[in-house]
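Student: Would you mind keeping the following structure in view while I ask a few things?
Just so it is clear, none of the values below were taken in a lab; they were calculated from the coordinates. Keep in mind that what you see is a predicted model, and the values were worked out from it rather than measured. Reconstructed Cβ throughout: ideal geometry from the backbone, glycine too, with neighbour counts over all protein chains shown.
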Amino acid sequence: MAAKIAVVGAGRFGEMHLRAFSQMEREGRAKLVGLADIDEALLAARRDHYGVATFTDFREMLDRTNPDGVTIVTPDFLHYEFATYCLKAGKHVLVEKPLDVTVTGCRDIVALAEAKGLLLQVDFHKRYDPYHARLRELVAGGCLGEIEYGYAYMEDRIEVPRDWFRHWAAKSSPGWFLGVHMYDLIRWIVQANGRIVFATGVKKKLAGFGIDTYDSIQAKIVFENRASFSIDTSWILPDTFEGIVNQGIRVVGSEGIMEVDTQDRGARCCARELTGGLAGKGPIMQTPNLGFFSAGKDKKGRPLHGGYGIASIQDFAENVNHLLGGGSLTDLDGTYANGYDGLEATRIAVAVHRSVEAEGAVVELDSL
């Protein structure tokens, strides 16, 4: 059975959802039934390109298209409103990370999904990177021994807060926009929740553009199994940096180590002019991350997209198909990031920001 899927949010990452589900529709694995956003010009462009029904009111979209599942691709602080409404309407829900920016909000969403018996999935797509999956497998198998410490970083070019999301970047931070990816990834790899956090942050560069948010946040997290990780996040890399995202992780155990450079996967290009975000900026080096997203054509000339950024979104529709076919949520346990995973990542992120505001004070997660 092909699940009917609707999308809330037509922006940059909302288009990733449209790519994922329109491809599944061609394959008979899902049906893209609606797209909601308040930007009428953007909706018109998406409708023309993807042939999807569009709505400026998401409630009308739910009423008229009656989807089985809804994906929420809005600014972080709006997730709660859309998630709770859709769950109350009896829809399975995929929320882009973070689940919510408050611990209480996450708990409310999780409780509502449980009360309704609905699928609540969070798009922590770093889990779908095969390199990360292999790292988790080695840790789970004891190949690295007892995990003692590690380091992760995730950094964006400055165009992301300055140009892409200027209208709401001040309501976010590199901790919320990027850090939650790594907080969840490390939890998933070491199979332990966070215990204590201390962190610092810097406000300089973006303030000069009139954007009141942190340029960078540096956090130290000690997990319940005593593994200790440092995580650096920022979104002020220069416009000319070779990748939109710079990211990596290393994990050290008593018997081994594994490092994953998830930005530089061995491919570099330099040309007179490159397409995409750096178009028109002259010669520059670039390291494409085809592991996250790749675009091509099938034998009939139709768009063909791949990468873990697409796979994580499509997984939601496959999970809804499983439920529509008579399967249970219990069958899916451990195969996707659920509401509790979203809650735990938010608990860490809230602790990080509390510590930053208190200039590095230790925050115990049990207090949240």
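Student: Could you identify which residue out of H92, H132, H305 has the top mean-square fluctuation in a GNM of the chain using Cα springs shorter than 10 Å?
Tutor: Between H92, H132, H305, it is H305 that shows the largest mean-square fluctuation.
Student: In addition: Placing +1 on the Cβ of each Lys and Arg and -1 on the Cβ of each Asp and Glu in the chain, which of L323, L365, S22 has its Cα farthest towards the positive end of the resulting dipole?
Tutor: Sorting the options by dipole projection puts first S22.
Student: Which Cα, out of Y80, A295, I5, lies furthest along the positive dipole direction of the chain (beta carbon charges, K/R +1, D/E -1)?
Tutor: My answer, from the dipole projection, is A295.
Student: To check you understand DSSP bridge types, tell me what percent of the beta bridges within the chain (both residues inside) are antiparallel, rounded to 5.
Tutor: Expressed as a percentage, antiparallel bridges in the chain total about 60.
Student: Sticking with this structure for a sec: Of the chain, which part is the longest with no GluC sites (Glu not before Pro) in a loop (DSSP not H, G, I, E, B) and with at most 15 other C-beta atoms within 10 angstrom?
Tutor: The reported range is 28-145.
Student: Taking a temperature of 37 °C and a viscosity of 0.692 mPa s, what whole-number D in µm²/s does Stokes-Einstein yield for region 1-45 with Rh from Kirkwood over alpha carbon pairs?
Tutor: After rounding, the answer is 306 µm²/s.
Student: Grab the beta carbon distance between R250 and A2, set R0 = 51 Å, and tell me the FRET efficiency rounded to 0.05.
Tutor: Working: r = 41 Å, r/R0 = 0.81.
Once rounded, the FRET efficiency stands at 0.80.
Student: Then there's this: With charges set only on the Cβ (+1 for Lys and Arg, -1 for Asp and Glu), what does the dipole of the chain come to about its Cα centre, in debye to the nearest 20?
Tutor: Values: 41 positive and 49 negative charges, 171 e Å.
Here the size comes out at about 820 debye.
Student: Fully extended, how many nm does the chain gain between D333 and F209 (0.36 nm per residue separation, minus their Cα-Cα distance)?
Tutor: Gain on extension, D333 to F209, equals 40.2 nm.
Student: Taking the inverse of the average 1/r across all pairs of different Cα atoms in the chain, what Kirkwood radius in Å do you get?
Tutor: 21.3
Student: For the chain, what is the mean residue ellipticity at 222 nm derived from helices alone (per DSSP H run of n ≥ 4: -39500 (n - 2.57); sum divided by total residues; nearest 500 deg cm²/dmol)? Please list the in-between numbers first.
Tutor: Details: 9 runs with 116 residues, N = 368.
Computed mean residue ellipticity for the chain: -10000 deg cm²/dmol.
Student: Then there is this: Using +1 on the beta carbon of Lys and Arg, -1 on that of Asp and Glu, and nothing else charged, what's the dipole of region 1-141 about the Cα centre, debye to 20?
Tutor: 480
Student: What do you get when you divide the Cα radius of gyration of region 28-126 by 2.2 N^0.38 Å, with N the number of residues?
Tutor: 1.09
Student: Indicate the gyration tensor shape class of region 82-146 (rounded, prolate or oblate), computed on the Cα atoms with a ≥ b ≥ c the square roots of the eigenvalues: a/c under 1.5 is rounded; otherwise a/b larger than b/c is prolate and the rest oblate.
Tutor: Since a/c reaches 1.5 and a/b is larger than b/c, the shape of region 82-146 is classed as prolate.
Student: With a ≥ b ≥ c taken as the square roots of the eigenvalues of the C-alpha gyration tensor of region 130-194, please select rounded if a/c is under 1.5 and otherwise prolate if a/b is larger than b/c or oblate if it is not?
Tutor: Taking the square roots of the gyration eigenvalues as a ≥ b ≥ c, region 130-194 is prolate.
Student: Is region 100-254 best put as rounded, prolate or oblate by its Cα gyration tensor, with a ≥ b ≥ c the root eigenvalues, rounded for a/c under 1.5, and otherwise prolate when a/b is larger than b/c, oblate when not?
Tutor: It is oblate, given that a/c is not under 1.5 and a/b is not larger than b/c.
Student: Sequence neighbours fewer than 8 away in the same chain don't count; with that in mind, list the lysines whose C-alpha is under 16 Å from K88.
Tutor: Those lysines meeting the cut-off are K116.
Student: In debye to the nearest 20, how big a dipole does region 47-111 give about its Cα centre with +1 on each Lys and Arg Cβ and -1 on each Asp and Glu Cβ? All intermediate terms of the calculation are to be shown ahead of the outcome.
Tutor: On the way: 7 positive and 10 negative charges, 28 e Å.
In total the dipole reaches around 140 debye.
Student: Loop sites only, by DSSP: take the trypsin sites (Lys or Arg not before Pro) in the chain that have at most 15 other C-beta atoms within 10 Å and name the longest stretch containing none of them.
Tutor: Free of exposed loop sites, the longest segment is 1-165.
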